[in-house]
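Chemist: One structure coming up, written as structure tokens, with questions to follow.
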């Protein structure tokens, strides 16, 4: 039986989610990690692309990442769960480029995933699936490259919660008597916003003491496991897709800081 050919696209070289996926794919029987595309951290083209997409939010992200004191950055409530997953998978590298070098996987550094150079690189490796990490806008040329599709784990339950801010919006919209509809969804990307066929989902319940800022770390292990579950299903030929209907959900957008503050206060009612 031929191996499932997998490529991965990552936002930066040291992205933990991408590192965990890479190592998990390398560990998996019947899976061949054939190529890795990583976006260049600094380039005029990428900066302009991010400013066009994110505006002032880009400046805030850069400030938090590079200029906030490391001592003031909490390890977070769920850091142990992430550490346990790192140990479980056996991840001991902090660079995607090094993982690729050590395991003879071709590595491509790009300014934009939609560039023809990226599509040509991926086409040469004939991937069955591409695992997409990050929120970069991906166009038809990239989406059509793999034989099966581009897999993405969305940090929200589809089709109800498409778009962004979908950890906060369910909390804001939840009734007083029902827990917020939180979770992650594995789907195949199309040219719409989180509108492609659904592979599977994982509901995530709030635990005692959870805060809004805990949720990214709480979601990460589930996102890795869900993506690898999809890889196994593709390998075993048992993918079952559920087509989304546009009327079953809607697209959400970034919240104003005041709305985030309301969500931060409201979450305390459910934990």
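Rule-based calculations on the coordinates, nothing more; no lab input. All values derive from a computational prediction rather than experimental measurement. Ideal geometry is used to build each Cβ from the backbone, glycine not excepted, and the neighbour counts take in all protein chains shown.
Chemist: If packing is taken as the average count of other Cβ atoms within 10 Å, what order do 11-20, 125-134 fall into, highest mean first?
Modeler: Final packing ranking: 125-134, 11-20.
Chemist: Let me ask you something else. Using alpha carbons only, how many degrees (0 to 90, rounded to 10) separate the axis of helix 56-67 from the longest principal axis of the chain?
Modeler: Approximately 80 degrees, to the nearest ten.
Chemist: Across every pair of different alpha-carbon atoms, what Kirkwood hydrodynamic radius in Å does the range 4-270 reach?
Modeler: By the Kirkwood definition, the hydrodynamic radius is 19.5 Å.
Chemist: What whole-number volume per residue, in cubic angstrom, does the convex hull of the C-alpha atoms of the range 66-223 give?
Modeler: 157 Å³
Chemist: Let me ask you something else. Kindly put 9, 2 in sequence by how many other C-beta atoms sit within 10 Å of each C-beta, fewest to most.
Modeler: Sorted ascending by nearby Cβ count, the order is 2, 9.
Chemist: Given a Förster distance of 35 angstrom, what is the FRET efficiency for residue 87 paired with residue 247, based on the Cβ-Cβ distance and rounded to 0.05?
Modeler: Using R0 = 35 Å, I get an efficiency of 0.20.
Chemist: Something else: Can you quote the Å³ per residue value for the convex hull of the Cα atoms in the range 138-202, rounded to an integer?
Modeler: Convex hull volume per residue, Cα atoms: 69 Å³.
Chemist: For the chain, give me the percentage of DSSP beta bridges that are antiparallel, rounded to the nearest 5 percent.
Modeler: If we restrict to bridges inside the chain, about 30 percent are antiparallel.
Chemist: Evaluate the relative contact order of the range 199-271 (contact order divided by residue number), counting alpha-carbon pairs under 8 angstrom at least 6 apart; express in whole percent.
Modeler: In percent, rounded to a whole number, it is 60.
Chemist: Related question: On a full-extension model of 0.36 nm per residue, what is the gain between residue 216 and residue 126, subtracting their alpha-carbon distance, rounded to one decimal in nm?
Modeler: Working it through step by step, the gained length comes to 29.1 nm.
Chemist: In degrees between 0 and 90, to the nearest 10, how far off the longest principal axis of the chain does helix 257-266 point, with axes built from Cα atoms?
Modeler: Tilt of helix 257-266: around 70 degrees.
Chemist: Related question: Please arrange 207, 214 by counting, for each residue, the other beta carbons lying within 10 Å of its beta carbon, fewest first.
Modeler: 207, 214
Chemist: Can you tell me the alpha carbon radius of gyration of the range 71-142 divided by the globular rule-of-thumb value 2.2 N^0.38 Å?
Modeler: For the range 71-142, the normalised Cα radius of gyration is 1.45.
Chemist: Using the alpha-carbon atoms, what tilt in degrees (0 to 90, nearest 10) does helix 16-27 show relative to the longest principal axis of the chain?
Modeler: That helix lies at roughly 40 degrees to the long axis.
Chemist: Compute the projected area of the convex hull of the Cα atoms of the range 146-271, averaged over all viewing directions, and report it in nm² to one decimal place.
Modeler: If you wrap the Cα atoms of the range 146-271 in a convex hull and average its projections, you get 8.2 nm².
Chemist: Turning to a different aspect of this structure: Could you grab the relative contact order for the chain? Cα pairs under 8 Å, six or more apart, rounded to a whole percent.
Modeler: RCO, the chain: 21 percent.
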